[in-house]
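Please read the structure below before turning to the comments.
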Amino acid sequence: MMNSDKERKDKVGAGRPPSAFARIERVPPLLMLLYLAMVGITVLFVILVAAYIQTRTLSGMPTGAHPLPRYFSLSTIVLLISSYTLSQAQRIYRSDDIRNLSRCLGATLLLGSIFSGLQVLGWRELMNQGIFFVGEASGTYIYLISALHVAHLLGGMLLLLALMLRSMHASRDAVRSLVFIRDPYRHRQLRMLNIYWHFIDALWVALFAIFLFLY
């Protein structure tokens, strides 16, 4: 046994940090799919933003001709708060407090709903300024980019709702609570939800900054 241990230690590459491919192989399949989906979403919005910038530049309209809807600013604050509340969910999960976990997920879901509602009010504000979806091309891109972002946020809200309902169901019984807390799949779900939600949050902040600079 001692010789075999020595042979393993003497192998070429023993003790070296794992390669990039080895680290990728260790990533759970669902998490890898999430990363790939995030890359696809990023590419989609980069293309749309590039088209918006080109259209806005070619239109020759000066920036600041219309004020950016104030509801977009309010929705940005709400989304940032929702990221904070969801980030607390992992800490609460580690403390085995499933009741507060349900409340934290519910608060994040509520803030996500408020964000979506404020986006709709922002579209109404655009229409009051005479900017419609079918009209000036640069205005069309604002509606399209904002609506697609809300659609991707709704995907995260569905996962958030499912996890919240499961945690509420588990909190009614001590045994179910223990199983829920000790289930590695639930922990992975919460981790994936955090990654996706913060990604969508950062994406909107970047989009809002572009609108603020060019609108």
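For the reader, a short list of remarks on this structure follows.
- Placing R0 at 30 angstrom, the Cβ-Cβ distance between Ser73 and Val39 gives a FRET efficiency of 0.55 after rounding to 0.05.
- Gain on full stretching of the segment that runs from Leu212 to Phe132 - 0.36 nm per residue minus C-alpha separation: 27.0 nm
- Spread over its residues, the convex hull of the C-alpha atoms of the range 64-155 is 85 Å³ per residue.
- For the range 47-128, with all protein chains in place and a probe radius of 1.4 Å, 63% of the accessible heavy-atom surface sits on carbon or sulfur.
- For the range 80-208, the fraction of C-alpha pairs farther apart than 25 angstrom is 35 percent.
- Taken along the Cα-to-beta-carbon direction at a fixed 7 Å, the label points for Gln54 and Ile81 span 4.0 nm.
- Projected label points at Arg182 and Ile195, each 7 Å from Cα along the beta carbon direction, are separated by 2.6 nanometres.
- Distance (nanometres) between label positions extended 7 Å along Cα→Cβ at Arg124 and Val175: 5.1 nm
- Computed over protein heavy atoms with a 1.4 angstrom probe, the accessible surface ordering of Met157, Met127, Met32, largest first, is Met127, Met32, Met157.
- Among the protein heavy atoms, those of Ile181 account for about 20 Å² of accessible surface (1.4 Å probe, every chain in place).
The values are calculated or read from the model by the stated rules, or taken from the named source; none is laboratory data. A quick note: this is a predicted structure, and the numbers were derived from the prediction, not measured. All Cβ positions, even for glycine, are placed from backbone atoms using ideal geometry, and neighbour counts span all protein chains on display. Note: accessible area is taken over every heavy atom of the protein model, side chains too, but ligands, DNA and RNA are not part of it. Shrake-Rupley method; radii C 1.70, N 1.55, O 1.52, S 1.80 Å.
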